[in-house]
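Following: one structure in structure tokens, then a few remarks.
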Amino acid sequence: MGRLPTADDFSFDVTLSIVPPPNNDSPTNILVLLHGLGDTHVSFEKLGRQMALPETACISIRGQRGLLDMGGFHWGDDIIFDSTSGGLDADGGFKQATAMLKGLIEEDVIEKCGYKARDVMLFGFGQGAMAALNVAVALNQNPKRTSNAELGGIISIGAPLPSEAPAALIAKCKTPILVCAGNDETSVTSTAVDKLNRVFGSVDIKRYRRAGDVMPNSRDEMMPIMQFFSRRLRSTKGVPDGAVEVGS
């Protein structure tokens with residue numbers, strides 16, 4: 001079992017918040033939280049406290065780059081504008097974010113704090129979810145140790161793999177993933193799902209009853225996420241009552 005991480009365990013140029021497990025639990029699991037495009041780590045620090053997952057310490061990380069004068073931060077190598085919508089394209093390249101997250105997981109969480117890769121899960125929204133999926137692939141292709149290839153799981157809210165990720169893998173990524181997305185107006189298209197299934201060995205797609213790739217805001221939308229946690233987190237206490245509703 002690993003120890004509770006502290007800010008001193010991480011690089012000085014990474015901004016993050018650490019939420020200890022509830023009820024003075026020992027930190028059996030680590031959940032890395034990655035916010036969406038234009039947000040900060042503060043909102044996902046709050047999410048970690050709301051979920052109150054037993055025996056789980058949450059690390060909410062801020063994107064590395066500021067979003068011009070728009071406020072907030074992003075995970076991309078570049079800021080790209082979508083010529084069709086005029087808005088920002090989330091798929092701005094993830095080489096720098098992937099390298100940072102890979103180092104944070106392998107060197108800081110695993111080596112310094114004593115966890116195994118299987119003890120580490122990632123939860124991302126939008127662009128943060130793309131970064132999470134990409135780092136799982138990177139760990140699978142080039143793990144520092146063989147045992148580091150499989151993480152506890154990835155939860156992607158409204159995001160597919162980025163374009164830079166491989167189109168397919170002969171030896172598929174062992175990390176199981178859950179993708180929650182809208183039933184329309186979604187980035188998680190049938191083509192995106194096909195790519196996920198060619199890269200990951202275990203893919204679970206859950207569609208909201210409403211359109212749009214947004215954060216879950218009801219018990220029905222949050223339930224698949226909590227069920228995924230209950231299957232993958234190393235905990236003897238289960239999912240606590242009252243931890244299934246999270247506001248948008």
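Here are the numbers for the structure shown:
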read-out	value
Where the Cα pairs of segment 123-238 fall when distances are cut into 10 Å bins, in %	14, 47, 31, 7, 0
Longest DSSP-loop-exposure-free segment, trypsin sites (Lys or Arg not before Pro), the chain, at most 16 other Cβ within 10 Å	4-143
Top of ASP69, ASP91, ASP25 by mean-square fluctuation, Gaussian network on the chain, Cα under 10 Å	ASP69
Percentage of interatomic Cα-Cα distances in segment 1-133 larger than 28 Å	16 percent
GLN141 versus SER26: modelled label distance in nm, points set 7 Å from Cα along the beta carbon direction	3.8 nm
Fraction of the pair-distance distribution of segment 75-194 above 20 Å, Cα-Cα pairs, percent	42 percent
Enclosed volume per residue, in Å³, of the convex hull spanned by Cα atoms of segment 7-232	117 Å³
Segment 175-236 - Rg (one decimal) and Dmax (whole number), Cα, Å	12.5, 39
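No lab work stands behind these numbers, since they all come straight from the coordinates. Every value quoted in this text rests on a predicted model; they were computed, and no experiment measured them. Every residue, glycine as well, gets a Cβ built from its backbone with ideal geometry; the counts of neighbours run over all protein chains shown.
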